[in-house]
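Visitor: Questions regarding the structure given below will be posed in turn.
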Amino acid sequence: MKKFTVLLIIVGVMVLPVGCSQKKNTVTAVKATENTLKTETLDIFAMDTYMNIKYFTDKDSDCSQKLQNEIEYLESIFSVTAENSDISAINHNTGKFTAVSDDTMSLVERAVEISEITEGSLDITVYPILKEWGFTTGNYKIPTQKTLNDLRQNTGYQNIALEDNKIKIPENFAIDLGAVAKGYTGDKLCDIFRKENITSALINLGGNVQTVGTKPDGSLWNVALKNPIDTEKEVCVVSLSDKAMITSGGYERYFIGEDGKQYWHILDPKTGYPSDKGLLSVTIIGEDGTLCDALSTALFVMGEEKAKIFASAHNEIAVILINSHMEIFITENLKDHIQMLNDFRCQIIA
Amino acid sequence: MEKRQRIFWISLIILLGICGIWIAVSRLSVREGNYAVVKVDGKIICQLPLAEERVVMIDGKNHIRLKVVVDRGSVFVEHSDCPDKICEQKGRIDKVNENIICLPARTVIEIQGTEVDMVDVVV
């Protein structure tokens, strides 16, 4: 009898925790206001990335088709590899003006403007160097110093000539809109949502996030930021509405060279080498997706000190910098919208 | 009670205790109701409940096959024929809205479920 009682206790101890359920950082998904809205999602592989768009609507419309058409159209004109794109036409017609679409003209003009305000930290003419490193093909290699010096002679955004809807670059130059195209595409998709009177949408273009309005229950969208040295974990969550949040980091695309060093895809136009000035990731938050996309690259190239100065001088954006010591710096305008995770702490940029 | 009998009972209690803790921990780590949705080129191929262990072979685009494993409440790509292996390197995912992407195979494995995390998306 005694033995039976002991066994009963053991079994009881085993069964008790199994029946419990764990709820950590979770909320019930079903909200009353969502019942009248349909959730629509769109998944597309375009611009060399996976795009996922989610929106909420109470009507039957062809919005998904419009979004897909816009993405495919913008990819067809911005692609650096597609034969018939505007960018290929410019790159194959060097030394002469090439007529381009309004969108290409608008985006190249914007990229040149941002190159100027960032003193060349963003430069869409760096493509020949990017190609030499193998980041466009996956055939990675470390170019020689001489090759880089030679290629750098054929770069410089100042050499892009703009006239009406025509663009000209010098011989041996090539441009690539990879640093700005997804931000611009996100802005155009937001325009479609506004025209369709859709007030709740989350656009994720391969890590470039843009939000429209709030969630259907009126709460803000929560966008988490990856830990750049352990990308399965997050460092913080930012609550947003009607804003883009775009991150650039060396961890996104890199290769390990024969010398054992890590070489990432964000190149410093002034040296031709991967930018390595103390930053692991740069996140820009703001209303203008094109600007956020461009500045995430430009501030990464600037490095920690210059990026802090730039961030504190531009109130139209909010910035999160993570340096190589895993110190996190944020702009003052973000402090009420950010929640740190996993014991990370942040410092305000002065 | 004899010494040998006592040792037997103590060993049994320890063994059962360890088994109980192991079962409890593995059950607790599974978020009931969550499942992995596998999409190829935007089309849903299958839905795999995270509570059921299984191995599934997925035929992605460009003749790339992926071996997808659901185990201990999470899902991961054990093997892919793709050249970059980024999907394999991603490791296990178990939270709603997390995903594994294989660009060459145009395949996405995404966690969905009745419970959602505080986070809507990760960048």
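The values are calculated or read from the model by the stated rules, or taken from the named source; none is laboratory data. This structure is a prediction, so every number in the text was calculated from the model and none was measured. Quick reminder, even Gly has a Cβ in these numbers, built from the backbone with ideal geometry, and neighbours come from all protein chains shown.
Visitor: Any idea how many residues of region A:216-235 are free of Cβ contacts under 8 Å to residues at least 24 places away in the same chain and within 18 Å of residue A:52 (Cβ to Cβ)?
Guide: So the count comes out to 4.
Visitor: When the residues of region A:41-60 are filtered to those that are outside any strand (DSSP E or B) and in contact with a strand residue (DSSP E or B) (Cβ under 9 Å, 6 or more places away or on another chain), which remaining residue is farthest from the other protein chains (Cβ to nearest Cβ)?
Guide: Filtering region A:41-60 for residues that are outside any strand (DSSP E or B) and in contact with a strand residue (DSSP E or B) (Cβ under 9 Å, 6 or more places away or on another chain), the one farthest from the other protein chains (Cβ to nearest Cβ) comes out as A:59.
Visitor: Here is a further query. Kindly check whether there is at least one residue in region A:134-146 that is surrounded by 16 or more Cβ atoms within 10 Å (Cβ to Cβ) and within 25 Å of residue A:106 (Cβ to Cβ).
Guide: Within region A:134-146, one or more residues are surrounded by 16 or more Cβ atoms within 10 Å (Cβ to Cβ) and within 25 Å of residue A:106 (Cβ to Cβ).
Visitor: Please report, ordered by residue number, the helices (runs of 4 or more DSSP H) entirely within region A:94-211 with at least 2 residues that are under 17 Å from the mean Cα position of the chain (by Cα) and within 14 Å of chain B (Cβ to nearest Cβ). Walk me through it before giving the result.
Guide: Numbers: elements: A:102-117, A:127-133, A:145-152, A:181-195.
Helices (runs of 4 or more DSSP H) meeting the threshold: A:181-195.
Visitor: Within region A:238-286, restricting attention to residues that are modelled with pLDDT under 85 and within 15 Å of the chain's Cα centre (by Cα), which residue is surrounded by the most Cβ atoms within 10 Å (Cβ to Cβ)?
Guide: Filtering region A:238-286 for residues that are modelled with pLDDT under 85 and within 15 Å of the chain's Cα centre (by Cα), the one surrounded by the most Cβ atoms within 10 Å (Cβ to Cβ) comes out as A:250.
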